[in-house]
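**Student:** Structure incoming, see below.
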Amino acid sequence: MPGIVIVGAQWGDEGKGKVTDLLAERVDAVVRFQGGNNAGHTIVRDGEEWRLHLIPSGILYPGKRCVIGNGVVIDPKVLIDELDALRARRVDVGGLRISANAHLIMPYHLLLDSAGEASLGSLQIGTTRRGIGPCYADKAARLGIRVQDLLDEKILKKKIVAAMEPKRLSLRPFERDPALDLHTMTEEYLVYGHRLEQHIADTAKLMWDLLADGRTVIFEGAQGAMLDIDHGTYPFVTSSNPLSGAACVGAGVGPKSIDEVWGVAKAYTTRVGAGPFPSELHEQLGETIRERGGEFGTTTGRPRRTGWLDLVALRYAAQLNTLTALAVTKLDVLSGLDRISVCTSYRGGDGAVFDSFPYHQTVLHHTSATLTELRGWREDLGECRTLSDLPDGAREYLRLISEHVGVPIGLVGVGPGREQVVWTDAGRETLIARGGRPDTALSR
């Protein structure tokens, strides 16, 4: 059972970093396979908070092999700053490896991303303006700069010239920006290459060797299924594929290397930026959940839109990813509510009922959530460690989620701390199969 994929099963920000951190202790490597520093993972250990943007969550284990795969787009300045910050906190980053084939975010990508989003006015998608989309666009247009190009000055300069030529008109408003000077840009990125050279590797071969040796690898996704560029709420999506199938492409392994797929979902729903959100809460309760859940972006600080758990979208995500288990996070945020609602179907503008996720954008934009109401619970869940510790209302809520989505729940988050987790039998089986027990995995 070599490969475990961990993906977001909603619109991102589900708590994938914590789940990866919990499982990473018993595996041999963690590889990030898509996205860029438009994503952020927050991990809380012993009351100390760690915010990661590009580096896989397994980096907090000394000597653990952590890989940034070829499917990731990398802002080298952000990566170096992240490495320096970890070193300053005495984290061993020697196990980090960066794919030589990963593409680089360049200064012109940042300028074009910000200008392009601003030009949309009221039609803005809500990008993080970190150059992610323009970088992926250059990759598809075969104009991308790759990590390996940092190690060859002649090739780097030629590729920068080739990439900027078709953008000349778009970049005209920024022609006096010193960041776009060819010599300055080349020298800056060569320095980045010198700083990162010790970490650059053929990461696909590294994955093959580990898997062939029977080692266990976690494939860590960013964002969430509903932001997938092919299957999400297009155009209000990210520029990559955050689905389990993309783990193979973004890390350079075959599908037979994947044994399990864990989807991470909050006990409610959030999304950042524009786009349809049938179960969104617009009244004070939505603001209360935002404040209690700390629903502000790890990378951007932007407040997240909040709503009841959307089981229609969650079941859709389970099918897209072939989920074998669910990790439900932030169940504790719902404590204290007398009644809890959950979206079990959509109603269209013409009154039509949708039990499955609508494929047509126009239909989806005019849907509203059909809610099922459940009893809530008053108890604080922070000290719960088994399902039997949870109040009846919480157990009923989890049972409804699992039955409706058709996927067993492997673990439940009941607080921000690493130890604030309830493992189910399904989750224990996964951990024990890898030589550990949930209690020992949480003892450090």
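**Student:** Given the structure, is Ala179 more than 26 Å from the chain's Cα centre (by Cα) and over 22 Å from Met106 (Cβ atoms)?
**Tutor:** no
**Student:** Taking the conditions exactly as written (assigned to a helix (DSSP H, G or I), open to solvent by 20 Å² or more (accessible area, probe 1.4 Å) and at pLDDT 95 or above), does Arg428 satisfy them or not?
**Tutor:** Working: assigned to a helix (DSSP H, G or I): yes; open to solvent by 20 Å² or more (accessible area, probe 1.4 Å): yes; at pLDDT 95 or above: no.
Spelling it out, it is not the case that Arg428 is assigned to a helix (DSSP H, G or I), open to solvent by 20 Å² or more (accessible area, probe 1.4 Å) and at pLDDT 95 or above.
**Student:** Sticking with this one: Please find, among Ala246, Ala222, Ala201, Ala212, the residue that is at pLDDT below 95, open to solvent by 10 Å² or more (accessible area, probe 1.4 Å) and among the aliphatic types (A, V, I, L, M).
**Tutor:** Testing whether each residue is at pLDDT below 95, open to solvent by 10 Å² or more (accessible area, probe 1.4 Å) and among the aliphatic types (A, V, I, L, M) leaves just Ala212.
**Student:** Looking only at strands (runs of 3 or more DSSP E) that lie completely in region 1-65, which have at least 2 residues being open to solvent by 30 Å² or more (accessible area, probe 1.4 Å)?
**Tutor:** The qualifying strands (runs of 3 or more DSSP E) are 41-45, 48-52.
**Student:** Could you count how many residues in region 163-206 are farther than 19 Å from Leu112 by Cβ, in contact (Cβ under 8 Å) with a residue 24 or more places away in the chain and among the acidic types (Asp, Glu)?
**Tutor:** 2
**Student:** Limited to region 153-170, what total is found for residues that are open to solvent by 60 Å² or more (accessible area, probe 1.4 Å) and within 22 Å of Asn70 (Cα to Cα)?
**Tutor:** Of the residues in that region, 5 qualify.
**Student:** For region 176-193, indicate whether the set of residues that are out of contact with any Cys (no Cβ under 9 Å at 6 or more places or on another chain), open to solvent by 50 Å² or more (accessible area, probe 1.4 Å) and on the phi > 0 side of the Ramachandran plot is non-empty.
**Tutor:** No, the conditions are met nowhere in region 176-193.
**Student:** Can you confirm whether region 68-83 contains a residue that is buried (at least 19 other Cβ atoms within 10 Å of the Cβ) and on the phi > 0 side of the Ramachandran plot?
**Tutor:** So far as region 68-83 goes, no, none of its residues is buried (at least 19 other Cβ atoms within 10 Å of the Cβ) and on the phi > 0 side of the Ramachandran plot.
**Student:** Can you pull out the residues in region 378-411 that are open to solvent by less than 20 Å² (accessible area, probe 1.4 Å) and within 20 Å of Gly307 (Cβ to Cβ)?
**Tutor:** Scanning region 378-411 gives Gly393, Ala394, Tyr397, Leu398, Ile401, Val405.
The values are calculated or read from the model by the stated rules, or taken from the named source; none is laboratory data. What you are looking at is a predicted structure, and each value in this text was computed from that prediction instead of being measured. With ideal geometry, Cβ positions are generated from the backbone for all residues, glycine too; neighbour counts draw on all protein chains shown. Protein only, heavy atoms only, side chains kept; ligands, DNA and RNA dropped before computing areas. Shrake-Rupley method; radii C 1.70, N 1.55, O 1.52, S 1.80 Å.
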